[in-house]
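So the structure is just underneath, and the comments pick up after that.
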Amino acid sequence: MTALVHDGEKGAREALSARAVVGDGWAVLGRHLQRIRRAPALMIMTQTMPIVFLLFFGYVFGSALAMPGAEYRAFLVPGLLVATAAGGLMTGMFQAAQDSHRGVMDRFRTLPMSRAAVPLGQSLADLVTSAAGMVPMILIGLAMGWRIEGGALEALAAFGLLLLFRSAMTWVGILLGLASQSEEAAGQLGSATFMLPLLSNAYIPTDGMPGWLRTVAEWNPISAVTTAVRDLLGNAPVPADAAWPVAHPVAGALLWSLALLAVFAPLAVRRYAKV
């Protein structure tokens, strides 16, 4: 009987804790959305740069590649959508570092709220804004001649995969931002993440790369997600002679995204509790 009472109390505490995480996370989500509305510079920068790249790569670099212009734009749009999703690493890092070094998180700790709610609210806010940010890029891509060639369910799966990968990269950024020594250090490290899509198949095929560089690019998580999105949208075939994550892109993209979430989300929550 005593064991049953203890089990019941433990279950009640866990349920209460889960409700606290959801409720407090919702409140932090609202705070971040208001923050973006009042100071939209970071969101504008992170959302307009991919559009600039789309126009530049689509009409300048596309003419220099073996692919014809329209074919390259069909290849490019999914890659830029994934590169934008990978940008969650930079925004997550910068916002977490800003809150940490300006004392915002110290004020959160004085409140009776769940420790997991603060990074969770930030990640959810980033997910909402990134979903909204996809819309103008998709519209401009359609205006440039890109089309969704697959079915409706496959397209929904592709966009769901993009949001899952964005969430995973945001948690990586939150951990790095909390671990940074200053806002400036986080900004410098965030700028260096610009190289990650360049070392993938987001902009160009990997089959023309040197062997060692092709291996690095194809084991880059961005390459697996990009190939999966292209495949689901019907924009490019899956290369048969690529590394496993690219040759099995949907499985590779899911494994990469879930593994990043499983590792970095708990570490970010633990780091926040200790900062």
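The values are calculated or read from the model by the stated rules, or taken from the named source; none is laboratory data. Not measured: the values here are computed from a predicted model. Note that each Cβ is placed from the backbone with ideal geometry, even for glycine, and that neighbours are counted across all protein chains shown.
Can Thr170 be described as within 17 Å of Ala86 (Cα to Cα), of a type in the set (Val, Ile, Thr) and part of a helix (DSSP H, G or I)?
Spelling it out, Thr170 is indeed within 17 Å of Ala86 (Cα to Cα), of a type in the set (Val, Ile, Thr) and part of a helix (DSSP H, G or I).
From Leu162, Leu261, which residue is in contact (Cβ under 8 Å) with a residue 60 or more places away in the chain, out of contact with any Pro (no Cβ under 8 Å at 6 or more places or on another chain) and under 30 Å from Arg147 (Cβ atoms)?
The unique qualifying residue is Leu162.
Return the residues of segment 118-153 that are charged (D, E, K, R) and buried (at least 17 other Cβ atoms within 10 Å of the Cβ); say none if nothing qualifies.
Within segment 118-153, just Asp126 meets the criteria.
Mind checking which helices (runs of 4 or more DSSP H) fall wholly inside segment 186-243 and carry at least 3 residues that are in contact (Cβ under 8 Å) with a residue 12 or more places away in the chain and under 22 Å from the mean Cα position of the chain (by Cα)?
Once the helices (runs of 4 or more DSSP H) in segment 186-243 are filtered for at least 3 residues that are in contact (Cβ under 8 Å) with a residue 12 or more places away in the chain and under 22 Å from the mean Cα position of the chain (by Cα), what remains is 211-218, 221-233.
Can you find a residue in segment 56-74 that is assigned to a helix (DSSP H, G or I) and modelled with pLDDT of 85 or more?
yes
Kindly indicate whether Ala83 is under 19 Å from Ala168 (Cα atoms) and crowded, with 17+ Cβ neighbours inside 10 Å.
yes
Could you check segment 201-242 and list, in sequence order, the residues that are surrounded by fewer than 16 Cβ atoms within 10 Å (Cβ to Cβ) and closer than 25 Å to Phe56 by Cα?
Asp207, Gly208, Leu213, Pro237
So which of Gly141, Gly150, Gly92 ends up being more than 14 Å from the chain's Cα centre (by Cα) and not in a loop (DSSP other than H, G, I, E, B)?
After applying the criteria, what remains is Gly141.
This table checks each residue for (1) of a type outside the set (Phe, Trp, Tyr); (2) within 30 Å of Met113 (Cα to Cα).
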site: Leu199; (1), (2): yes, no
site: Trp219; (1), (2): no, no
site: Val225; (1), (2): yes, no
site: Ala228; (1), (2): yes, no
site: Leu232; (1), (2): yes, no
site: Ala243; (1), (2): yes, no
site: Phe264; (1), (2): no, yes
